[in-house]
Amino acid sequence: MKPQLDMDLAEFRAQIGEALTQGETQTLARLSDEELAVLDPEEMFIPKPHLSAMESQQREWALATALRSLVSRGTVEILNVEDLDAVLRGAPDVQIDMRIQIEIDLALTLRRTADRALAVKQQSAAGTAYGYVHVHAANLLLVERITAGGMHLFTLASKVQDAAELVQPLLDPYGVADRDGESSSLEPSVLDREHVGSLAGVIDKARVVGELVLLKDPPGPMMMTYATDRAVWTVVVDSPHAPSGITARPVSPATLTHHIAAMLTAANPETPHA
């Protein structure tokens, strides 16, 4: 099922933003890869790490189980329930008519209609996790955190600062960010091991590597993070092929959050940090 809007997108955003004026974050839903594949089968951009590792037959079984689970929990209502068994048997010409819980329908709609998004990737020995901040307005951001096991947690945030704080644990899961250190500039044309100075040792010792990219047109800023046992380093690129080069430094928790907020603000120059 594809989420549908019965009103103008700007009006929809205004209504949801107004509902969040109390400034509290709101958890919307926790869904698995396979449940999302059932609810929004046309969405192919957001990673599904658990589902993508399955073979074709395993995937079919997982989707059928996910549909049964969604129905049994009351997450979706099947209006033509008499056709459900045929769908579960894989009948190619049978379509089901679903009605989705309002919180989940809201998450899917905000996910699909965002103009810009901050994509976050976390790599560690435990696997690869992801995060997406779907940016609609200064007071309307949908944060989607994806575990390495393929669980998606959706949260509504009414402030850029709140969204940044939800994303930060992906970059510093062990809370090792300590204090701000001296900043050094790196020349983009010579980014090899011999020209990155002390950063080479940081990269070698990193337990968690993070990557943040602002998905917009034109492309926005990018940032890499390296979390060792004792510190978190950031490598910030203001924009692709930026003439000012690349800046690297160890950062405090507050500065790490500020960098994330700054990237979200870059999605819309009128978006304040808080």
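The values are calculated or read from the model by the stated rules, or taken from the named source; none is laboratory data. Since this is a predicted model, take the numbers as computed values, not measurements. Note: ideal-geometry Cβ built from the backbone for every residue, glycine included; neighbour counts use all protein chains shown. Ligands, DNA and RNA are stripped out before the accessible areas are found, and what is left, the full protein with its side chains, is counted by its heavy atoms. Shrake-Rupley method; radii C 1.70, N 1.55, O 1.52, S 1.80 Å.
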>> How many angstrom lie between the Cα centre of region 87-154 and the Cα centre of region 48-71?
In response: 16
>> Please check: in the Gaussian network model of the chain (C-alpha springs, under 10 Å), which one of Val235, Val251, Val71 has the largest mean-square fluctuation.
In response: Val71
> So what is the accessible area of the chain per residue, in Å², with the probe set to 1.4 Å?
Replying inline: 52
> Between (i) 33; (ii) 25; (iii) 29, which matches percent of Cα pairs over 35 Å apart calculated for the structure shown?
Replying inline: (ii)
>> Spelling out what I want: for every residue of region 57-70, take phi, set θ = phi - 60°, compute 6.51 cos²θ - 1.76 cosθ + 1.60 (Karplus), and round to whole Hz; glycine and proline get x.
In response: 5, 4, 4, 4, 5, 5, 5, 5, 5, 4, 4, 4, 5, 4
>> On C-alpha positions alone, give me the angle between the axis of helix 160-171 and the longest principal axis of the chain, in degrees, nearest 10.
In response: 80
> What is the log10 of I(q)/I(0) for region 93-141, computed with the Debye formula using one identical point scatterer on each Cα and no solvent, at q = 0.27, 0.32 Å⁻¹?
Replying inline: -0.99, -1.15
> In what sequence, largest accessible area first, do Arg145, Arg230 appear using a 1.4 Å probe?
Replying inline: Arg230, Arg145
> When the gyration tensor of region 1-154 is built from Cα positions, what are the square roots of 5 times its three eigenvalues, in whole Å, from largest to smallest?
Replying inline: 27, 22, 12
> Per-residue ellipticity at 222 nm for the chain, helices alone: DSSP H runs ≥ 4 residues times -39500 (n - 2.57), over residue total, nearest 500 deg cm²/dmol?
Replying inline: -9500 deg cm²/dmol
> Helix 253-266 versus the longest principal axis of the chain: what is the Cα-based angle in degrees, 0 to 90, to the nearest 10?
Replying inline: 60
>> Solvent-accessible area of Val81, probe 1.4 Å, all protein chains present, reported in Å² to the nearest ten, please.
In response: 80
> Gly150: net charge of surrounding residues, Cβ under 11 Å, Lys/Arg +1, Asp/Glu -1, itself excluded?
Replying inline: -2
> Within the accessible area of the chain, what % is carbon and sulfur when the probe is 1.4 Å and the other protein chains stay in place?
Replying inline: 50
>> Using only the alpha-carbon atoms, how far is helix 9-19 inclined from the longest principal axis of the chain? Give it as 0 to 90 degrees, nearest 10.
In response: 80
> Who wins for biggest fluctuation among Phe12, Phe45, Phe154 in a Gaussian network model of the chain, springs between alpha carbons below 10 Å?
Replying inline: Phe45
> Between Glu11 and Phe45, what FRET efficiency comes out of the Förster formula 1/(1 + (r/R0)^6) with R0 = 25 Å and r the beta carbon distance, rounded to 0.05?
Replying inline: 0.45
> Under a 1.4 angstrom probe, counting protein chains only, how are Met151, Met223, Met44 ranked by accessible area, largest first?
Replying inline: Met44, Met151, Met223
> Among Ser69, Ser198, what's the order by accessible area (1.4 angstrom probe), most exposed first?
Replying inline: Ser198, Ser69
